[in-house]
Amino acid sequence: MQFKVGDATVTRVVELEATGGSRFILPDATPDEVQKIGWLEPHFADERGRLKIAVQTFVVRTPDVLMLVDTGLGNGKSGRKVPHWNDRTEPFLEKLAEAGAPAADVDLVVNTHLHVDHVGWNTTRQGETWVPTFAKARHIMGRTEFDYWRDQQDDAEHRAVFEDSVRPVDAAGLVDLADPEDEIAPGISLVATPGHSIGHLSLLIRSKGEELLLGGDVMHHPCQIARPDWSSSADYDKSQSAATRRALFDRLAAAGTPLLGGHFTGAGRGRVQRDGDGFRLEIA
């Protein structure tokens, strides 16, 4: 699915999509509670209250740059806690090429944060070595995020993720560390949205008077728009992530800026509107 933002286009390239089985990431989103949020069906939940969720990459093309936002799980990786995230053999690079983003043509890769399902295709295996997949691309990573995962030693899974999907890109001299509010390309800037991870960043695209916020994992699912207090089990700081969501939704509702979350399925993009004590997403 493709979205227009002025002269820019944003294309979803799905690596993995599923319905149900998401309670491990959003424990408060029980089927009964999800069914109370009627606007989630059919794009984001089914009639049984089961969440729909995707792992995907966004191809952003502007007159100036061909960019990928987040790179999914990758092939051939190991040490992941979710069994079917290990040793994958998917034709994802072919999908990217079909979407107009052959690996050799990509100018920029942006990792909103450095979790397992957002950096995997940064690298591919060459013999026994992990090498950058997008060999000519600059890789934008948040400075706070990079420093944290580079130095941490306690989380075995994320240490493995850094070693096979981040460090090889840095060793190749392709990483540019960035900070909130940096403009990384004409009309594309970074927005601080911490909580899910220590230095999580979202992206704001502006072109010809139009805007779109690519939210990454500031929320995993649109149900968190209705219930900003529902934090993910994977959040670094659950209180901070909830506060970040509510402040972000306040701003988006006031500005009318469309939102597209990192794991949104279906029509995906929508405008946040106030709805009682929470918010709702109107498909746009």
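Taken together, the values in this text are just the output of simple stated rules run on the coordinates, not laboratory data. Computed from a predicted structure; not experimentally measured. FYI the Cβ positions are ideal-geometry reconstructions off the backbone, even for glycines, and counts take in every protein chain you see.
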Check your understanding: Is it true that some residue in segment 151-158 is part of a helix (DSSP H, G or I) and either surrounded by 13 or more Cβ atoms within 10 Å (Cβ to Cβ) or under 16 Å from the mean Cα position of the chain (by Cα) (or both)?
Key -> yes
The condition of being closer than 11 Å to L213 by Cα, touching a Gly at 6+ places or on another chain (Cβ under 8 Å), of a type outside the set (K, R) and outside any strand (DSSP E or B) holds, among L252, L248, only for L248
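Among the residues that make up segment 181-195, is at least one of them more than 27 Å from D107 (Cα to Cα) and not hydrophobic (A, V, I, L, M, F, W, C)?
Within segment 181-195, the subset more than 27 Å from D107 (Cα to Cα) is 195.
Restricting the remaining residues to those that are not hydrophobic (A, V, I, L, M, F, W, C) gives 195.
Checked against the condition, which is being more than 27 Å from D107 (Cα to Cα) and not hydrophobic (A, V, I, L, M, F, W, C), segment 181-195 yields at least one hit.
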Inside segment 63-95, the number of residues satisfying the requirement of being crowded, with 21+ Cβ neighbours inside 10 Å and either free of Cβ contacts under 8 Å to residues at least 24 places away in the same chain or not charged (D, E, K, R) (or both) is 8
In segment 162-190, residues that are more than 12 Å from E145 (Cβ to Cβ) and either in contact (Cβ under 8 Å) with a residue 40 or more places away in the chain or of a type in the set (K, R) (or both) total 12
Checked L73, L16 against criteria (assigned to a loop (DSSP other than H, G, I, E, B) and in contact with a strand residue (DSSP E or B) (Cβ under 9 Å, 6 or more places away or on another chain)); the one match is L73
Flagged in segment 95-126 as part of a strand (DSSP E or B) and out of contact with any Ser or Thr (no Cβ under 8 Å at 6 or more places or on another chain), in numbering order, are L108, V110, R125, Q126
Looking across segment 268-283 at residues that are surrounded by 15 or more Cβ atoms within 10 Å (Cβ to Cβ) and of a type in the set (G, A, S), the single one that is nearest to L248 (Cα to Cα) is G278
Any residue at all in segment 124-137 that is within 23 Å of L204 (Cα to Cα), within 16 Å of the chain's Cα centre (by Cα) and of a type in the set (A, V, I, L, M)? no
Within segment 134-166, the count of residues that are closer than 17 Å to R80 by Cβ and of a type in the set (K, R) comes to 1
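Just the residues that are in a strand (DSSP E or B) and buried (at least 16 other Cβ atoms within 10 Å of the Cβ), please, taken from segment 127-141.
In the first step, residues of segment 127-141 are kept if they are in a strand (DSSP E or B); the result is 129-132, 138-141.
Result: W130, P132, R138, H139, I140, M141.
Quick check on my filter: what residues within segment 249-266 are under 16 Å from the mean Cα position of the chain (by Cα) and at negative phi?
Across segment 249-266, the qualifying residues are P258, L259, L260, G261, G262, H263, F264, T265.
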Quiz item: Just wondering, is there one or more residues in segment 50-61 that are under 20 Å from the mean Cα position of the chain (by Cα) and without any contact (Cβ under 8 Å) to a residue 60 or more places away in the chain?
Solution: yes
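Which residues, counting only those in segment 17-32, are in contact with a His (Cβ under 8 Å, 6 or more places away or on another chain), within 26 Å of L68 (Cβ to Cβ) and among the hydrophobic types (A, V, I, L, M, F, W, C)?
Hits for segment 17-32 are I25, L26.
Table: residues versus (1) β-branched (V, I, T); (2) within 18 Å of T57 (Cβ to Cβ).
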{"site": "K136", "(1), (2)": "no, yes"}
{"site": "A156", "(1), (2)": "no, no"}
{"site": "A171", "(1), (2)": "no, no"}
{"site": "I188", "(1), (2)": "yes, yes"}
Taking segment 191-211 and the residues there that are of a type in the set (S, T, Y) and closer than 22 Å to F3 by Cβ, the one that is surrounded by the fewest Cβ atoms within 10 Å (Cβ to Cβ) would be S207
Selection over segment 255-280 where residues are outside any strand (DSSP E or B) and of a type outside the set (S, T, N, Q) yields a count of 12
